[in-house]
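Below: one structure, written as structure tokens.
A short reminder: the numbers here are calculations on the coordinates, not readings from a lab. Since this is a predicted model, take the numbers as computed values, not measurements. With ideal geometry, Cβ positions are generated from the backbone for all residues, glycine too; neighbour counts draw on all protein chains shown.
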Amino acid sequence: MEHATAVHPPVAHHVEHAPELGFWWKYVFSTDHKVIGIQYAITGLLFLLFGFTLMAIMRWQLAYPGQPVPVIGAWLGAGNASGGVILPEFYNQLGAMHGTIMVFMGVVPLAVGGFGNFVMPLQIGAPDMAFPRINMASYWAYFVGGVVMLASFFVPGGAANSGWTSYVPLAVTATTGQTWWLLGMVFLITSSLLGSLNFIVTIFQLRAPGLTFMRLPIFVWMQLVTAYLLLLAFPPLEAAAILQLMDRVAGTSFFLPSGLVVSGQVVQISGGGNPLLWQHLFWFLAHPEVYVLILPGMGIVAEVLANNIRKPLWGYKPIVYSVVFLGFMSFVVWAHHMFLTGMGTTMSAFFQTTTMIISIPSVIILTSLFLSLWGASIRFTTPMLFALAFLPMFGIGGLTGLPLGLAPTDIHLHDTYYVIGHFHYVVAPGTLFALFAGIYYWFPKATGRYMNDLLGKIHFWGSFVAINIVFFPMFIQGLAGMNRRLYDGGIQYAHAQETAKLHVPMGYATFALWFFQLFFIVNFFWSIKKGRQAPQNAWDATTLEWSAPSPPPHGNFPEPPVVYRDPYEYSVPGHPADFTPQFQSDKKA
Amino acid sequence: MAEHKSHGVSIYYKVFVALMVLTVVTVAVNRVHVGISAAIIVALMIAAFKGSLVAGYFMHLFNESNQIYRVLLLTAIFLIFLMFLPLLGRWSTVTGLQHRTPLTPSAAPAAESQH
Amino acid sequence: MDIPYTVTARPDTGLFNGKLGIWLFLASEVMLFGALFSSYVLLRVGAETWPRGETILNVWMAFLNTVVLISSSVTMVLAWAALKTNQFQKSRWLLISTFLLATVFLVVKYFEYTEKFSHGLLPSTNTFLAIYFTLTGLHGLHVVGGMIVMAYLFGPGAKMFRIAPERFTNRVEITGLYWHFVDLVWIFLFPVLYLL
């Protein structure tokens, strides 16, 4: 590029006197990664609450089938719930939208869009993301996708009602809401595509001097692997969504076999399609998506754990190698969701093997985190309680997944409540607890104030007890053979009679869980204004985000940070403090 | 950015001519009616060669940084898994459950509606 | 506040941000079109009969479009090479030529589509036409996207050359990478859909 430098003014050095931005540009259409991260987090939290509420309504119907929903039953609309009693079609909408909202509009935006955006650039010492405007576009694509999904409740026939997996041919012949679902997904996929390439470029290009890959905090590693999964696994779902959209709108038959019969009528279509194609394309995304849900959570737990055990994490390198291997393997296990589709023994043997292999790195990560606790003098702060609870909860979720990954046992357990129990243990008391840990942990960085400890502990213990009462009985119900999609909780089946009673305590625990989230909501808003003031390094932590002011200004660091050491140097012998931050040079110490 | 050793543009014209010739060859070969499998193999080989010319010269992939190679290697591996997908639909299916008489498309709905 | 490495390459990766970004984007595009190709193969091997493209589609129009699109790739790369030697006006004209060639491509495509529609050949007619319209339609959308960026670069975005020529050159390079990818997809689509 030498020849061009003659006419090239030194743009890199000109000083920008940014004028004070107005409200709209500062808080709404901001390009600052921290504002975007907070936008993502708050939108994600709202969607989580909404998706949880949908589930609470379903839980009432399961516990007391055919009885009007109390309090809000009258507001659901006569077309959805006549006299407050939920209609089967509406139940199906609630189920499909609960899954979609929680996965694509709740957990992923909060874990990746929220925490990834806010924390990751700070942890690598970057002034912002590599492409701030693409970052903003990513949020707004997500927002539009969310609005489309919500609006679909109001179209004729209501929202999508073919499950969050949108299996064909059911989804192709479903009501208009499914078309909106597909359009919404296209926006959500675009959003995560823009976000993920931004994350990868930022991590590769904007690391502070001295921050080599083996000095990255675990959270950054998790975000890097997650971003690769989003980048390469989402496009096949986009392709599948385009094909399903063509099937619905243009009358093609990509997923519709010849001679398809719906409600006793032969459908007039050209035929020749393959319903299994959808499942392959969907699970090619959706298995990596499982790791998209869990890896950022694991990263947060690693950060919070390291900070509160006051000693280095046990097994940094095994964790890093495991997560890279895990990310890679997650692309070759997808068909273990499809053992019952007539797959032969060769193929199911292959996918059972890969599934067993992928459990090894997960176990290594979890074991390393458990072993880190050995001999530590633990600070039981609110974030630490959530992080500690994550470990056994994720353990239960992970271990109960093994029987589902083996075809002989999966044939019995497929599509039962056992499956629901399994993945909810991974995602709800697993990932969501990790995300709560992250909120309590980084709240002082975002606002300059701590969240209230007492309210936090009530929130933790209440949620912890309630969530286990909700999900643990599902294993029992599933082993007894109760199907996951029954509108009335299975009361008309003889084999489900005994376990159907469990729906009642599960329902009450769901409402209790809802109630305990109020402590979090109150705490969140109260602490922004009235919380105890936090110093810059609120938890005596070692990673780079704590060298920035709280809240960090636009551009993050007054002085570009330099990294001198590994991420978790706690209780190093011979040092005056029990923590030695990455940004502290040896000369000063 | 990878430093390009020469900024001569003549290579682009050469590649252009090669691509044109190969396009003509693709169509010409197709006029000779060989079996469909042979035609597919030949056409895809020519397309792959043309594609590598575009990627190699126009997109400067032949002197790109290792970082890009790593990203593309990863993509290529996952693409191979993705291409594995049609095989899954065909190769290995449950045996022993097939209908004794093969169902024709017109017979299938009739059999369904009897139940 | 300035984001580092927007113009110059970071020493250890050898890349400026935009270049890594566009390659990652193209990687995801590879997976998108890969999934569609994969679906095509699955549907084709599962079909009882599959027409050869040349019996339904117009090979010569597609041949013309192949020539047009490859030419536009050449003008695109020349536009970038011209900027590297500071020939701004030449580069601008080459960009405009690329844009015009892309327009020609879309016009030919339009005639192809309307001819099919007028004969009652729609996506719903059979699976071959369904995948044909889906793949070429998606490819056409990519062409439109590229044209919008080019129009920005020779239109309102061109003034950046005076302020930050190196950055502008990078933008043209990135646009070029995308455009060559669009060309590359067509190189595969042409034989797969029209000939085989």
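Per-structure values
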| quantity | calculated |
| --- | --- |
| FRET E, pair C:ASP12, C:TYR152, Förster distance 51 Å, beta-carbon r, rounded to 0.05 | 0.95 |
| Interchain or long-range residues, amide H under 5 Å from A:PHE579's placed H | A:SER571 |
| Dipole magnitude of the protein assembly as shown about its Cα centre (Cβ charges: Lys, Arg +1; Asp, Glu -1), debye to nearest 20 | 760 |
| Excluding exposed DSSP-loop GluC sites (Glu not before Pro) (at most 12 other C-beta within 10 Å), longest clean stretch of chain A | A:21-589 |
| Taking chain A and dividing mean pair separation by its residue count, relative contact order in percent (alpha carbons under 8 Å, at least six apart) | 15 |
| Length-normalised contact order for chain C - Cα pairs under 8 Å, 6+ apart - percent | 31 |
| Dipole axis of chain C (+1 Lys, Arg; -1 Asp, Glu on Cβ), positive-most option in C:PRO123, C:THR134, C:TYR152 | C:TYR152 |
| Virtual spin-label span in nm between A:VAL572 and B:VAL21, 7 Å along Cα→Cβ | 6.4 |
| Cα gyration tensor shape for chain A, rounded if a/c is under 1.5, else prolate or oblate | prolate |
| DSSP-defined beta bridges in chain A - what % are antiparallel, rounded to 5 | 90 |
| Anisotropy class of the range C:1-130 from Cα gyration tensor, a/c 1.5 cut | oblate |
| Candidate aspartates and glutamates - alpha carbon under 18 Å from A:LYS26, same-chain residues fewer than 8 apart omitted | A:GLU16, A:ASP128, C:ASP2 |
| Per-residue ³J(HN,Hα) for the range A:265-273, Karplus 6.51 cos²θ - 1.76 cosθ + 1.60, θ = phi - 60°, Hz, x for Gly and Pro | 10, 6, 7, 7, 9, 6, x, x, x |
| Cα gyration tensor category, rounded, prolate or oblate, for the range B:1-88 with a/c compared to 1.5 | oblate |
| Alpha carbon centroid spacing (whole Å) that separates the range C:173-195 from the range C:89-123 | 14 |
| Label-point separation in nm, A:PHE525 to A:ASP540, each point 7 Å along Cα→Cβ | 3.5 |
| Gap separating the Cα centres of the range C:138-163 and the range C:1-71, nearest whole Å | 18 |
| Efficiency of FRET between A:VAL562 and C:GLU115 - r from beta-carbon atoms, R0 60 angstrom, step 0.05 | 0.40 |
| The range C:82-165, relative contact order [Cα under 8 Å, separation at least 6], % | 32 |
| Extended-chain gain in nm, criterion 0.36 nm per residue less alpha-carbon gap, A:TYR167 and A:LEU406 | 83.8 nm |
| Nonlocal amide H pairs with C:PHE16, under 5 Å, H built at 1.01 Å | C:ARG10 |
| Violating pairs (Cα-Cα greater than 24 angstrom) within the set A:LYS457/A:LYS529; A:LYS445/A:LYS529; B:LYS14/B:LYS50; B:LYS50/C:LYS116; A:LYS34/C:LYS159 | B:LYS50/C:LYS116; A:LYS34/C:LYS159 |
| Förster radius 51 Å - calculated FRET efficiency between A:LEU399 and C:GLU48 (Cβ-Cβ, nearest 0.05) | 0.65 |
| MRE, 222 nm, helices only [DSSP H, n ≥ 4, -39500 (n - 2.57), over chain A, to nearest 500] | -18500 deg cm²/dmol |
| Paramagnetic label zone (point 7 Å from Cα along Cα-to-C-beta, B:VAL29; backbone N under 15 Å) in the range C:153-196 | C:187-196 |
| Cα centroid separation, the range A:144-164 to the range A:429-491 (Å) | 26 |
| Reach of A:LYS530 by Cα under 19 Å, taken over aspartates and glutamates that are not fewer than 8 positions away in the same chain | A:ASP453 |
| 5 angstrom amide H check on A:SER82, placed H, neighbours 5+ away | A:LEU87 |
